[in-house]
1. Check region 84-95 and report whether any residue there is within 18 Å of G122 (Cβ to Cβ), within 15 Å of the ligand (Cβ to nearest atom), among the basic types (K, R) and over 16 Å from the mean Cα position of the chain (by Cα).
2. Does G41 qualify as being at positive phi, assigned by TED's automatic domain parsing to the domain that holds L147 and within 11 Å of the ligand (Cβ to nearest atom)?
3. For region 52-62, check the following and say yes or no: at least one residue is touching a helix residue (DSSP H, G or I) at 6+ places or on another chain (Cβ under 6 Å) and within 22 Å of S124 (Cα to Cα).
4. I'd like the residue in region 224-240 that is in a helix (DSSP H, G or I) and more than 10 Å from the ligand (Cβ to nearest atom) and, out of all such residues, is surrounded by the fewest Cβ atoms within 10 Å (Cβ to Cβ).
5. So, in region 1-27, exactly how many residues are within 18 Å of I105 (Cα to Cα) and either surrounded by 14 or more Cβ atoms within 10 Å (Cβ to Cβ) or of a type outside the set (D, E, K, R) (or both)?
6. Among the residues in region 1-24, are any within 16 Å of the ligand (Cβ to nearest atom), among the β-branched types (V, I, T) and either part of a loop (DSSP other than H, G, I, E, B) or in contact with a helix residue (DSSP H, G or I) (Cβ under 6 Å, 6 or more places away or on another chain) (or both)?
7. A198 is checked against (1) out of contact with any strand residue (DSSP E or B) (no Cβ under 8 Å at 6 or more places or on another chain); (2) buried (at least 16 other Cβ atoms within 10 Å of the Cβ); (3) closer than 17 Å to C109 by Cα and fails just one. What number does that condition carry?
8. Which one of the conditions (1) assigned to a helix (DSSP H, G or I); (2) within 30 Å of I243 (Cα to Cα); (3) more than 13 Å from the ligand (Cβ to nearest atom) does H72 fail to meet, given that it meets all the rest?
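The values are calculated or read from the model by the stated rules, or taken from the named source; none is laboratory data. On a predicted model such as this, the values are computed, not experimentally measured, just so you know. Positions of Cβ are generated from backbone atoms using ideal geometry, with glycine treated the same way; all protein chains shown enter the neighbour counts.
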Amino acid sequence: MTESPLHPLRIGSLELPGNLLLAPMAGYTNLPFRRIISRVGGCALGAIEMVAALSPDQRRHCDRLALATARHPEEGPTAMQVYGRDPQRCAACAEDLAAAGAAVIDLNCGCPVRKARQAGCGISLMRDPPLIGRILAAMRAATRLPLMVKIRLGYDQQERTGLEVARRAVEAGVDAITVHARTGASRHGEPVDLDGLAAIAAAVPVPVIANGDQHDPDILRRAHAAGAAGFMIGRGCIGHPEIFVSLAARLAGQPEPVFSLSERLSWLREHVALTIDLYGAERGIRTLRRTPLLYCSGLPGVRRLRERWITISTLDDIEAIIADLPTA
Ligand SMILES: Cc1cc2nc3c(=O)[nH]c(=O)nc-3n(C[C@H](O)[C@H](O)[C@H](O)COP(=O)(O)O)c2cc1C
């Protein structure tokens with residue numbers, strides 16, 4: 001019998017009961033999103049949206065940290081991610097996140113959007129492995145919490161620095177490395193390159209977490225064979241908080257749990273209520289507009305309602321759309 005890819009995972013001093021992890025996703029992985037995931041179960045480590053490492057002056061005037069790091073007792077442990085390029089600012093940000101209740105501190109070296117490239121952050125860091133080493137060393141000195149870094153295989157096919165970055169990260173003291181098995185240039189478009197992941201997993205003494213299409217059990221099995229110790233899921237859980245338990249069932253050859261339409265609608269209602277609770281009505285409704293009808297995609301008639309959803313401006317608008325959703 002082949003060994004199961006799913007098992008407990010240790011990241012530094014943190015013992016996790018499982019090795020399916022939530023990927024950080026700006027615009028999505030806020031407290032309401034994570035609470036629904038926690039309730040459905042199966043995810044061993046949550047993740048917040050990335051937090052920018054600001055200057056001391058910006059930090060004094062910024063109220064975003066409290067919202068970004070808001071947690072609830074029903075959640076399990078949560079990784080909190082730093083986004084930046086200045087070692088001292090990243091270290092200060094790591095301290096803030098530790099004080100806010102992070103179970104793991106992470107550094108973003110993979111975000112490929114133009115804004116990140118222009119700021120020299122995210123994927124741009126992959127062009128400068130020694131800088132990543134200095135940032136992680138400063139973060140390591142700032143916190144005793146388990147430290148992770150989230151990388152890609154390189155900036156692009158010409159600059160595949162993933163292996164060098166991983167070695168520098170280990171020298172700086174990271175406890176685990178997440179590898180999104182694509183380069184920055186391939187964004188989310190190309191198939192994951194699990195040979196690239198295998199080369200990194202074979203070269204470092206810390207757990208390597210596979211990322212990129214891991215919601216697909218066949219790809220997850222291949223990542224396991226390539227040496228991954230854990231699996232991080234991003235887009236696959238948007239609207240599908242059940243992906244973690246479904247995946248575990250499929251990998252074990254058991255029937256997938258079935259979630260009824262009324263459960264999906266209750267997730268939607270609850271997500272709306274929790275979002276308004278956290279952000280207040282005005283910002284809450286703006287936030288909800290970006291996540292059209294989470295949990296209901298694919299249901300009959302929903303595509304038409306999405307056009308209405310992105311224009312919501314009051315709670316009554318939301319209620320009217322929910323009332324028009326299919327009930328059976
Ligand atoms: C909307 C969106 C926002 C994201 N934000 C972040 C982020 O803040 N930090 C990060 O490291 N990666 C971010 N990512 C990348 C994901 O964490 C993950 O690496 C990527 O989606 C590949 O995994 P998947 O195939 O499971 O989606 C984001 C991805 C998406 C789709």
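1. yes
2. no
3. Quick first cut of region 52-62, residues touching a helix residue (DSSP H, G or I) at 6+ places or on another chain (Cβ under 6 Å) only: 53.
Of the ones still in play, those that are also within 22 Å of S124 (Cα to Cα) are 53.
Within region 52-62, one or more residues are touching a helix residue (DSSP H, G or I) at 6+ places or on another chain (Cβ under 6 Å) and within 22 Å of S124 (Cα to Cα).
4. From region 224-240, those in a helix (DSSP H, G or I) are 224-225, 235-237; that's our starting set.
Then drop every residue that is not more than 10 Å from the ligand (Cβ to nearest atom), which leaves 224-225.
Working: H224: 23, A225: 13.
Selected residue: A225.
5. Matching residues across region 1-27 total 15.
6. The answer is no; no qualifying residue exists.
7. (3)
8. Status for H72: all satisfied but (1).
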